[in-house]
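Just dropping this structure here.
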Amino acid sequence: MLDDTDRRILRHYQADPDSPAAELADRAGVTPSTLARRLERLRETGVLKGVRGVIDWHALGYEVEVSLRVTLDKTQPRAFDTFIAAAREVPEVLEIQTFLGQVDVRLAVIARDMAHYQRIYRERLLDLPHIQDIEALMHVARLKDEETLPL
């Protein structure tokens, strides 16, 4: 279980994971050795999964984002597994989520422009197995994009 010191460390760490350990320890109100021990324990217990580079795909020329809501033909055995395995092979699919309810799967897809999206949709996405229904929601604006937790 996390204590107040762990939460304080995590709060400062997620705000600036690139800050030097001495600065992070100072801001969190602990010694550098305590910080190192606590961070290591948080990694070992799986609270901290690692540090990752976040790439702005807009900066690389991808301007279109589409959310596809997919209903699968659930009369087919292993429809979910087969569909998800095939969807993972499409490089422009950034995220795959599964749901309980009318919609089975949501795919987050990026493309350079509408013509590129149309090619991906026709040549790659419509060929995915076991699709019963598919609905495209064109992304207009991201109003909140928060990865930090309220610790």
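The values are calculated or read from the model by the stated rules, or taken from the named source; none is laboratory data. Computed from a predicted structure; not experimentally measured. Every residue, glycine among them, receives a Cβ derived from its backbone with ideal geometry; neighbour counts consider all protein chains shown.
Looking at Val47, is it touching a helix residue (DSSP H, G or I) at 6+ places or on another chain (Cβ under 9 Å) and within 30 Å of Asp6 (Cα to Cα)? Don't jump to the end; show me each part of the working.
Values: touching a helix residue (DSSP H, G or I) at 6+ places or on another chain (Cβ under 9 Å): yes; within 30 Å of Asp6 (Cα to Cα): yes.
Yes.
Then there's this: Might you check whether a residue that is at negative phi and without any contact (Cβ under 8 Å) to a residue 12 or more places away in the chain occurs anywhere in segment 70-80? Give the steps one after another, and end with the answer.
Within segment 70-80, the first condition is being at negative phi, and the residues that meet it are 70-77, 79-80.
Restricting the remaining residues to those that are without any contact (Cβ under 8 Å) to a residue 12 or more places away in the chain gives 75, 77.
So far as segment 70-80 goes, yes, one or more of its residues are at negative phi and without any contact (Cβ under 8 Å) to a residue 12 or more places away in the chain.
Specify the residue that is nearest to Thr75 (Cα to Cα); the eligible residues are those in segment 90-108 that are assigned to a strand (DSSP E or B) and aliphatic (A, V, I, L, M).
Pass one, segment 90-108, residues assigned to a strand (DSSP E or B): 93-98, 105-108.
When the remaining residues are screened for being aliphatic (A, V, I, L, M), the result is 93-94, 96, 105, 107-108.
Working: Val93: 25, Leu94: 27, Ile96: 21, Val105: 16, Leu107: 21, Ala108: 25 Å.
Result: Val105.
Within segment 7-38, which residues are under 17 Å from the mean Cα position of the chain (by Cα) and exposed (fewer than 11 other Cβ atoms within 10 Å of the Cβ)?
Applying the first criterion (under 17 Å from the mean Cα position of the chain (by Cα)) to segment 7-38 yields 14.
Within segment 7-38, no residue meets the criteria.
Of the residues that make up segment 39-61, is at least one under 21 Å from Arg124 (Cα atoms), under 22 Å from the mean Cα position of the chain (by Cα), of a type in the set (Gly, Ala, Ser) and outside any helix (DSSP H, G or I)?
Yes, that holds for at least one residue.
Matching residues to (1) farther than 26 Å from Asp145 by Cα; (2) without any contact (Cβ under 8 Å) to a residue 24 or more places away in the chain:
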position	(1), (2)
Arg11	no, no
Glu44	yes, yes
Ala59	no, yes
Thr98	no, yes
Leu107	no, no
Ala111	no, no
Tyr117	no, no
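Considering only segment 109-131, how many residues are assigned to a helix (DSSP H, G or I) and out of contact with any Asp or Glu (no Cβ under 6 Å at 6 or more places or on another chain)? Spell out the reasoning first.
Step one: filter segment 109-131 for residues assigned to a helix (DSSP H, G or I), giving 114-125.
If we keep only those that are out of contact with any Asp or Glu (no Cβ under 6 Å at 6 or more places or on another chain) too, we end up with 114-119, 121-125.
Within segment 109-131, residues that are assigned to a helix (DSSP H, G or I) and out of contact with any Asp or Glu (no Cβ under 6 Å at 6 or more places or on another chain) number 11.
Filter segment 132-151 down to the residues that are assigned to a loop (DSSP other than H, G, I, E, B) and among the hydrophobic types (A, V, I, L, M, F, W, C) and list them by number.
Restricting attention to segment 132-151, the residues satisfying the condition of being assigned to a loop (DSSP other than H, G, I, E, B) are 139-151.
Residues satisfying the conditions are Val140, Ala141, Leu143, Leu149, Leu151.
Still on this structure: Given Thr5, Thr45, Thr34, Thr71, which one is within 30 Å of Tyr117 (Cα to Cα) and among the hydroxyl-bearing types (Ser, Thr, Tyr)?
Numbers: Thr5 fails: within 30 Å of Tyr117 (Cα to Cα); Thr45 fails: within 30 Å of Tyr117 (Cα to Cα); Thr34 fails: within 30 Å of Tyr117 (Cα to Cα).
It is Thr71.
So, Ala79, is that one within 30 Å of Ala111 (Cα to Cα) and small (Gly, Ala, Ser) or not?
Numbers: within 30 Å of Ala111 (Cα to Cα): yes; small (Gly, Ala, Ser): yes.
For Ala79, the condition - within 30 Å of Ala111 (Cα to Cα) and small (Gly, Ala, Ser) - is met.
Please pick out the residue among Gln76, Gln132 that is modelled with pLDDT under 95 and surrounded by 13 or more Cβ atoms within 10 Å (Cβ to Cβ). Give the steps one after another, and end with the answer.
Numbers: Gln132 fails: modelled with pLDDT under 95.
Only one candidate passes the filter, namely Gln76.
Can Glu146 be described as surrounded by fewer than 11 Cβ atoms within 10 Å (Cβ to Cβ), free of Cβ contacts under 8 Å to residues at least 60 places away in the same chain, within 30 Å of Leu10 (Cβ to Cβ) and of a type in the set (Asp, Glu)? First the steps, then the outcome.
Details: surrounded by fewer than 11 Cβ atoms within 10 Å (Cβ to Cβ): yes; free of Cβ contacts under 8 Å to residues at least 60 places away in the same chain: yes; within 30 Å of Leu10 (Cβ to Cβ): yes; of a type in the set (Asp, Glu): yes.
Taking the combined requirement at face value, the residue satisfies it.
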